[in-house]
Structures are given as structure tokens and as C-alpha cells.
1. Kindly indicate the residue of region 149-174 that is loosely packed, with under 12 Cβ neighbours inside 10 Å and part of a helix (DSSP H, G or I) and also farthest from ligand 1 (Cβ to nearest atom) among those meeting that condition.
2. Taking helices (runs of 4 or more DSSP H) that fall entirely within region 1-106, which contain at least 3 residues that are without any contact (Cβ under 8 Å) to a residue 24 or more places away in the chain and among the hydrophobic types (A, V, I, L, M, F, W, C)?
3. Can you tell which of Val127, Val146 is away from ligand 1 (no atom under 16 Å from the Cβ), closer than 17 Å to Lys44 by Cβ, open to solvent by less than 20 Å² (accessible area, probe 1.4 Å) and not charged (D, E, K, R)?
4. How many of the residues in region 52-77 are farther than 15 Å from Phe197 by Cα and open to solvent by 40 Å² or more (accessible area, probe 1.4 Å)?
5. Looking at region 107-152, which of its residues are closer than 18 Å to Asp175 by Cβ and without any contact (Cβ under 8 Å) to a residue 24 or more places away in the chain?
6. Tally up the residues in region 51-65 that are within 13 Å of Trp118 (Cβ to Cβ) and within 14 Å of ligand 2 (Cβ to nearest atom), please.
7. Within region 130-173, can you find the residues that are polar (S, T, N, Q) and under 14 Å from the mean Cα position of the chain (by Cα)?
8. Taking the condition out of contact with any Phe, Trp or Tyr (no Cβ under 6 Å at 6 or more places or on another chain), among the β-branched types (Val, Ile, Thr), within 16 Å of ligand 1 (Cβ to nearest atom) and at pLDDT 95 or above, does Ile33 pass?
Amino acid sequence: MSEHNQDKHKARQQKVKEQVDAKIEQAQEEKGILQVITGNGKGKSTSGFGTVARCVGHGMNAAVVQFIKGMWECGERNLLERAGVPFAVMKTGFTWETQNRETDTKAAQATWQQAKQWLQDDSIDLVLLDELTYMVSYDYLDLDDVITALENRPAMQSVIITGRGAHRRLTELADTVSEMRNVKHAFEAGIKAQKGFDF
Ligand code: ATP
Ligand code: MG
């Protein structure tokens, strides 16, 4: 880099630093965050669990609600339960294939009752509501009820909702919304879901 370019780079970085510092200065509010992680690409649940690990790593309390029980055992659950994280998993063995509306609705609602208790418990710093979006899309849960519970949760409690096709009212209510975009996925090339990577 020529001296001239170095000076230019330095000046530009100084400006970036000033802008970032100003934004940090402005962000003074302390409150629990509601995050929605949606979209068709891979990485929604792993992102949610990553934040749970982050929370627990600080000695804080997290709880996990899984609205869709995968076909495989869940690696994160094996680890996090050992670290004292409570899990509520929808019992009927609901998977992507089940078609029984009545039993699915009952199971979703029973699981939601547990979620609601955690959403009222200010000793829990983070609640992961994994795959909740589908329960709303399928009408297994009442959206108003979900919104009310989210709005009335403890002020410092953070919540993460994952799943495709998040309802507009959930993304509007959220403070942070990320959309995973599918660029490509190994499964499309015929590669099986891999233990320790996909589950
Ligand atoms: P992950 O749990 O790996 O973070 P996800 O939560 O974003 O994935 P889901 O829609 O919950 O994705 O799907 C769960 C399973 O489907 C995972 O095993 C994941 O690898 C797989 N999967 C995710 N996205 C895709 C995709 N675009 N095509 C095919 N399979 C996918
Ligand atoms: Mg997922």
C-alpha cells in the first residue's frame, strides 16, 4: 500500500469507528430481546441453540421448547440437559409427516402450557421456542394467545422463535428478525442428514 492509500485507509477506518462508537453510545436500553429466525435455509435451530449455549455459558438460565420432535435424537438436548437446561418436547411423536389434527393440536397445546409457564418465570433468562412458527401456521396454537404471552413475559427475558414461514405478526413484534436463505443444501444432492451435523 502506498503512503497515500494508507492514509486514506486510516481516515476511512477512523470514520467507521466514530460511527460505530456513536451507535454504541445510543444503544443504552436494557431489555430482553425477541428474535425470530425464519426462512428456508439451514441454520435456524442451530442458531437458536447457539444462543442457548451462550446464555448457559454465562451461568444464566435457559429453557427449550421443541414443537417438532425430529426423527433423530437431538444432540443439543443430550448436552444441554446435562448442563441443567429444562426441555419440553411435544410428546405425540409429532414429525413432519403426522396428519392427525386432533392429537397434534392437543399435543401442541400441552407443550404450549409448559412454554407459557417459562414465559412467566423471571428466573429464566432465555426461552427457545423451536419450530413454533408451524404451530401457528397449522392453527394448532392461537396466535393471539402466543402474542399475549410474549408481550407479558418478564422484561429481561429473551425469547427465540424458529421455523419457516413466520407469521407477519410475530416478525412485527420481534426486535430482531433473521431470514435464512437457502443457497444450496447437501440433501438436494442426495446426502443423508449427518449425525453431529444435522442433528
Ligand atoms: P438446523 O436444525 O440444521 O439448524 P433448520 O432449523 O434451519 O436446520 P428445519 O427447517 O428445522 O431447519 O429442518 C430441520 C432439518 O432439515 C435439519 O436436519 C436440516 O439439516 C434440514 N434442512 C434444513 N434446511 C434444509 C433445506 N433447505 N433443504 C433440505 N433440508 C434442510
Ligand atoms: Mg429447525
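1. Applying the filter and picking the extreme gives Glu151.
2. Passing ranges, in order: 3-26.
3. Val127
4. Looking only at that region, the number is 8.
5. Scanning region 107-152 gives Thr148, Glu151.
6. Final tally of qualifying residues: 3.
7. We begin by selecting, within region 130-173, every residue polar (S, T, N, Q); these are 133, 137, 148, 152, 157-158, 162, 171.
Passing the criteria: Thr133, Gln157, Ser158, Thr162, Thr171.
8. Values: out of contact with any Phe, Trp or Tyr (no Cβ under 6 Å at 6 or more places or on another chain): yes; among the β-branched types (Val, Ile, Thr): yes; within 16 Å of ligand 1 (Cβ to nearest atom): no; at pLDDT 95 or above: yes.
The answer is no for Ile33.
The values are calculated or read from the model by the stated rules, or taken from the named source; none is laboratory data. Quantities reported herein were computed from a predicted structural model and do not represent experimental measurements. With ideal geometry, Cβ positions are generated from the backbone for all residues, glycine too; neighbour counts draw on all protein chains shown. The accessibility values were calculated without ligands, DNA or RNA, using every heavy atom of the protein model including side chains. Shrake-Rupley method; radii C 1.70, N 1.55, O 1.52, S 1.80 Å.
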